[in-house]
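This report concerns only the one structure given below.
The values are calculated or read from the model by the stated rules, or taken from the named source; none is laboratory data. Computed from a predicted model, the values in this text were never measured in an experiment. Cβ placement follows ideal geometry from the backbone for every residue including glycine, while neighbour counts extend to all protein chains displayed. SASA here: full protein model, heavy atoms, side chains in, ligands and nucleic acids out. Shrake-Rupley method; radii C 1.70, N 1.55, O 1.52, S 1.80 Å.
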Amino acid sequence: MPYDVAVNVEQKVLDLMGRAMGRFSMLRPGDKVAVGVSGGKDSLSLLHAMVAYRKRAPFPYELVAVTLEQGKFKLPVIALAEKIRGLGVEWVVREDWSTLDLVAQNIPHGCDVCSRNRRRRLYQIASELDCTVLALGHTADDCSESLLRNVMFNGRIASLPPVAHSQKGNLRLIRPLVYVTEDLSTEYARAQGLLAIRCVCSEKESIRKEIRAFLDDMRSKHPAVPSSIMAALANVNPYALFDPKNTGVEVEIDSANIPPR
Ligand code: SF4
């Protein structure tokens, strides 16, 4: 990739990340941030971008990269070492025993179990490391896919919030890449020479892949679809839904939106 293109990609990612950080007040002065590095390109892009963003940030913050061994990487985890250490960031590698046991006993499990285990362990490790923040590399595409998956399979309207708090309230979970598309994150990782070690199950068919394929197809036919979904996530009208908590409230009825019987 030519140098000026790489610089341009970096600027775009840092601008979008800065916008998300500012809009959702993701960081506070003196924060110590554990960045979950799953081995995929998005989390590596996040780590790299959070290092680069320190030059722009209005206050200092500390970073520590955390990688979990779940028995699913295609390459030995050490393949990440050179790049992460080259960023001047402390790197902590720990095991997620719950998932390693499932893998060792050949017990089938889906992404929901695997990612729940990973999240729980990341929270634990971030607390042990005295971090105030856990940063995850979910992109705008992940947020769209999560919204559709929750609507179609979990019976709720929900996505991945840019900021959330742990149950104990001692950790802030942030997703600084929520405005960055997967395509842009991929370009960023390529421009920075970040090697993703990916998981062995990434080629398996899954609901997630079906939703991705659907969204890709819609985007190829209607380029504005991704930005409309992102706009919808910030434009929720609870009174136009069925939740009993919000019914019985008088609202102006738009007859154009009432379907014919
Ligand atoms: S793709 Fe594999 S490693 Fe990734 S969340 Fe799903 S089960 Fe876990």
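Structure summary
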read-out: Any hit, the range 187-209, residues being under 30 Å from I84 (Cα atoms) and assigned to a strand (DSSP E or B); value: yes
read-out: In the range 92-111, residue nearest to the ligand (Cβ to nearest atom) [restricted to those that are within 17 Å of G40 (Cβ to Cβ) and without any contact (Cβ under 8 Å) to a residue 40 or more places away in the chain]; value: T99
read-out: From L148, L160, L177, L171, residue being over 22 Å from R85 (Cβ atoms) and in contact with a Gly (Cβ under 6 Å, 6 or more places away or on another chain); value: L177
read-out: Inter-residue pairs, beta-carbon under 6 Å, first among the aliphatic types (A, V, I, L, M) and in the range 51-67, second open to solvent by 100 Å² or more (accessible area, probe 1.4 Å) and at pLDDT 95 or above, 6+ apart; value: V64/E90
read-out: Among the candidates D217, D141, residue that is open to solvent by 30 Å² or more (accessible area, probe 1.4 Å) and within 16 Å of the ligand (Cβ to nearest atom); value: D141
read-out: Residue in the range 1-53 that is nearest to the chain's Cα centre (by Cα), counting only those that are of a type in the set (A, V, I, L, M) and open to solvent by 50 Å² or more (accessible area, probe 1.4 Å); value: V7
read-out: Pair list, Cβ under 9 Å, 6 or more apart: the range 22-44 residue within 11 Å of V64 (Cβ to Cβ) and within 16 Å of the ligand (Cβ to nearest atom), other residue open to solvent by 60 Å² or more (accessible area, probe 1.4 Å) and among the charged types (D, E, K, R); value: G36/R118; G36/R119
read-out: Filtered residue count, the range 45-82, keeping only those that are within 16 Å of the ligand (Cβ to nearest atom) and not hydrophobic (A, V, I, L, M, F, W, C); value: 7
read-out: Complete set of residues in the range 141-162 that are without any contact (Cβ under 8 Å) to a residue 24 or more places away in the chain, in a loop (DSSP other than H, G, I, E, B), at negative phi and over 11 Å from the mean Cα position of the chain (by Cα); value: N154, R156, A158
